[in-house]
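Have a look at the structure below before the remarks.
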Amino acid sequence: MIDFINLYLVPGLTIGSVYALGAVGISMIFGILRFAHFAHGDLMTIGGYGVLTAVWFIPLHPLLLLPVGMALAIGAALAVDEFFYKPLRKLPTIYTVIASFGVALIFRSLAQLFWSSGNQVFVSGVRPPMVFFDTFRISELHLQVIILTLIIAVALHFFLTRSKLGRAMRAVSDEPELAAVAGLDTERVVRWTWVIGAALAATAGVFAGMDTSMHPNLGWNLLLAMFAAAVLGGIGKPMGAIAGGLIIGIAEETATFTWLSDEPLISPSYKSAVAFFIMVALLLFRPQGLFKGRLL
Amino acid sequence: MELTGLFFYLVSVLIAGGIYAVLCLALNVQWGMGGLFNAGIAGFFAVGAYTSAIVTTAVSTKHLGGFELPIPFGLVAAMIVAGVTGWVVAKICVRLKSDYLAMASVGIAEILRLVIVNESWLTNGSLGIAGVPRPFGDLVQGREADLLYLAMVWLCVLAVYILCQRLYVSPWGRTLRAIRDNEDSARAAGKDVDWFRLQTFVIGCAIMGLAGALSAHYFKFLSPSATEPLLVTFLVWVMLMAGGSGNNKGAIVGALAIWFIWSATEIITSRLPPEWITRSSYIRMLLVGLLLQFVLQKFRSGLIPEKSPKIRSD
């Protein structure tokens, strides 16, 4: 049981936090701009490398340098929206989906060009995990990731329910025509969607890069699970996406636990298939997700 | 000597271009005619490649094999297995709307890749399958064999083109385009939308399997890296968009045009100083990504735009 918590549940919550932060952006972009953003994983990669570069020059803890990565990711997101997505906005959204595939490739090749294609670590060396009550062994990083994600989730909740901008975002997501008639500036909402989505993606990218290492495929490899999380939470429901991310993360990790016999239930090498099957099952049987998201 | 070298370089470019043309025709069936967004091309390509390799290679302790069937059987088996895989996928996913189908197909390609890497009894894992036979490999060797293979690949392109063209002008193809352009009205006209989409997806996947088999027999060696999901899938999408989706001739022209550009940039970048050579492949990827954006914004109907056949009035 202790093993289950230490080796499966906490890592599951950690990777789940990464999925959650990425899925918020995917869910908001899907809700407001109505397309599946396939470059979101690579936006995470860009943010992660931004912080990695900052760490080379400023000897501070990577998490304190997060704003650098956020700024880079926000700049990248606003630029691709302006040059590549906006001109296609009048067309069927599937063209924007294709464009976002291209943007994913552009981001990745830029990452390989500027930061090389190898693995790079934020902080080298192994640090012993923290021990609580002589039983729970949790690494410092995992604790930081989970707590920071919870703080972000609470802040996001208040932003969406209390602030004028947050409510405008929800309005555009729920009823775009009505929101436009009510005089909401849709382009402003779109810009802020990118800002928030990219900032959270950068955070997720740094978390994922610190947990393992930075490499150009980091974000793309996480994309599928983040889509699953966004669908699970309900498209256009940022808080649902957070819940969805945590659930997918825990499901992936605990699926490899020795539930029935001494063998893992699912071989760890097939771990990433779990998210896929959850997503397909949801799309077929409950496409609106857990929290009544929109149906496209 | 320089000239013969150039000639055989051209032959190798045309062989790979032909394989891409087959992939592009397959995607044209799924996307151009049926409007189905398949982002998992590499997965079905890999299934075809491995099937044909396993069916035709000699006995090996490292992977399943030892059937040593003639190559035509390998090609047919590749189409069947890729088609059946496509059928299973389509049975589950074909009802999904475009964006969701795109997500699901990315996942399928990923799962197929996981199977290929992990099930080493079947595929020898990341070490790959060696000794995949080339047709008439006993009779001709070396450069002459490349010429022969070029003929075989383009014979396949021709056969697939004729098949796709027949499909396009047939009542079946007309129904498919009706579904693509307006699903609700096609449904109202009594067409079984899901059934047509299932057929489209399976036909496309089978042709992708054929392309995979052709590439396995060309390179004679097969490893998971040969089916790099991004490069195969993405290049084929760029080719079809540039060539003109919905037009079979456009698919072939697009495949050749993009492949020539891709190969030409390889010649240019190979003359760069060594520290730039590794980086040059990233620059090429960057340029292809930008090329797609250009095509999407300014050149959406492609080199040879779709032209619906005239309706006969007799």
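Taking the stretch B:103-130 as the range and being touching a Ser or Thr at 6+ places or on another chain (Cβ under 6 Å) and more than 8 Å from every other protein chain (Cβ to nearest Cβ) as the test, the residues that pass are B:ILE116, B:GLY128. In the stretch B:64-112, of all residues being touching a residue at least 24 places away in the same chain (Cβ under 8 Å) and basic (Lys, Arg), the one that is farthest from B:ILE179 (Cα to Cα) corresponds to B:LYS91.
Here A:ILE98, A:ILE106 are screened, and the one residue that is in contact with a Gly (Cβ under 7 Å, 6 or more places away or on another chain), open to solvent by less than 20 Å² (accessible area, probe 1.4 Å) and either facing another protein chain (nearest Cβ under 9 Å) or not acidic (Asp, Glu) (or both) is A:ILE106.
Of all residues in the stretch B:252-281, those that are among the charged types (D, E, K, R) have Cβ atoms under 8 Å from Cβ atoms of residues that are surrounded by 20 or more Cβ atoms within 10 Å (Cβ to Cβ), 6 or more apart or on another chain, in B:ARG279/A:GLN112. Is it the case that A:VAL121 is within 10 Å of chain B (Cβ to nearest Cβ) and either touching a residue at least 12 places away in the same chain (Cβ under 8 Å) or within 21 Å of A:ASP42 (Cα to Cα) (or both)? No. Go through the stretch A:226-247 and report how many residues are of a type in the set (Phe, Trp, Tyr) and surrounded by fewer than 24 Cβ atoms within 10 Å (Cβ to Cβ). Adding up the residues that qualify gives 0. On the basis of being within 14 Å of chain B (Cβ to nearest Cβ), hydroxyl-bearing (Ser, Thr, Tyr) and either within 30 Å of A:PRO62 (Cβ to Cβ) or in contact with a His (Cβ under 6 Å, 6 or more places away or on another chain) (or both), does A:SER269 make the cut? Considered against the rule, which asks whether it is within 14 Å of chain B (Cβ to nearest Cβ), hydroxyl-bearing (Ser, Thr, Tyr) and either within 30 Å of A:PRO62 (Cβ to Cβ) or in contact with a His (Cβ under 6 Å, 6 or more places away or on another chain) (or both), A:SER269 comes out as yes. Restricting to the stretch A:160-177, name every residue that is assigned to a helix (DSSP H, G or I), surrounded by fewer than 17 Cβ atoms within 10 Å (Cβ to Cβ) and at pLDDT 85 or above. Selection gives A:THR161, A:ARG162, A:LYS164, A:LEU165, A:ARG167. A single entry from A:GLY244, A:GLY236 fulfils the requirement of being part of a loop (DSSP other than H, G, I, E, B) and among the small types (Gly, Ala, Ser): A:GLY236. Elements of the type helices (runs of 4 or more DSSP H) sitting completely within the stretch A:38-145 and holding at least 1 residues that are at positive phi: there are none. Looking at the stretch A:34-50, can you tell me whether even one residue there is within 11 Å of chain B (Cβ to nearest Cβ), farther than 23 Å from B:ILE41 by Cα and either out of contact with any strand residue (DSSP E or B) (no Cβ under 8 Å at 6 or more places or on another chain) or open to solvent by 20 Å² or more (accessible area, probe 1.4 Å) (or both)? Taking every residue of the stretch A:34-50 in turn, at least one turns out to be within 11 Å of chain B (Cβ to nearest Cβ), farther than 23 Å from B:ILE41 by Cα and either out of contact with any strand residue (DSSP E or B) (no Cβ under 8 Å at 6 or more places or on another chain) or open to solvent by 20 Å² or more (accessible area, probe 1.4 Å) (or both).
The values are calculated or read from the model by the stated rules, or taken from the named source; none is laboratory data. All values reported here derive from a predicted model rather than from experimental measurement. Glycine gets a Cβ as well: all are built from the backbone with ideal geometry, and neighbour counts include every protein chain shown. SASA here: full protein model, heavy atoms, side chains in, ligands and nucleic acids out. Shrake-Rupley method; radii C 1.70, N 1.55, O 1.52, S 1.80 Å.
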